[in-house]
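Let me begin by presenting the structure, written as structure tokens, before commenting on it.
The values are calculated or read from the model by the stated rules, or taken from the named source; none is laboratory data. Values in this document were obtained by computation on a predicted structure and should not be read as measured data. Here the Cβ positions follow ideal geometry from the backbone for every residue, glycine too, while neighbour counts run over all protein chains shown. These area figures cover heavy atoms from the full protein model, side chains too; ligands, DNA and RNA do not enter into them. Shrake-Rupley method; radii C 1.70, N 1.55, O 1.52, S 1.80 Å.
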Amino acid sequence: MDECYQRLAGHELGRIGVIAGHQPLVIPVDYGLDGRTIVVRTHPGTTLSAAEHADVAFEVDEFDRARRSGWSVLVRGLAEEVGPGHGADLVARTRAVGVRPWAPGEHGNWLRIIPQAVSGRRVSPGQLPWGVDDRAHL
């Protein structure tokens, strides 16, 4: 699991999966880490309303097409919006993560994803698929 968190810490763009209007939705988001908690900065709208107090999936990956190799980390957890109902220390820690949005527009809302399960997989040329070869897991 430590390798999964090292890989998460080395990136700033991931995808959050939510259920919105009874349909699955996967959205790219900017993120950072507060310890092992994922911090996402977003705008008011579908992502925020669908993720608030919901079970979500969060995924980050990296692939090298030329070498046909890569990795992915999947986090399943509970999302909650950080706001006035939280303690000042938690709000300050969340904002101190320093997530900077890539997309233009208002991104003044903060979500924390509290991990409940973390898994990873590695893809390397010449190895058996991840479900067969234990070396494929992070």
Within the stretch 10-50, of all residues that are assigned to a helix (DSSP H, G or I) and open to solvent by 70 Å² or more (accessible area, probe 1.4 Å), the one farthest from E62 (Cα to Cα) is S49
In the stretch 96-133, how many are closer than 21 Å to D55 by Cα and at pLDDT 90 or above? 11
Given (1) surrounded by fewer than 19 Cβ atoms within 10 Å (Cβ to Cβ); (2) free of Cβ contacts under 8 Å to residues at least 60 places away in the same chain; (3) assigned to a helix (DSSP H, G or I), index of the condition E59 fails: (3)
Could you list, in sequence order, the residues of the stretch 96-121 that are open to solvent by 60 Å² or more (accessible area, probe 1.4 Å) and within 19 Å of A57 (Cβ to Cβ)? I114, Q116, R121
Reported set for the stretch 66-95 where residues are modelled with pLDDT under 95 and open to solvent by 80 Å² or more (accessible area, probe 1.4 Å) is A66, R67, R68, P84, G85, A88, D89, R93, R95
Check off (1) at pLDDT below 95; (2) open to solvent by less than 60 Å² (accessible area, probe 1.4 Å) for Y5 and give me the number that stays unchecked. (1)
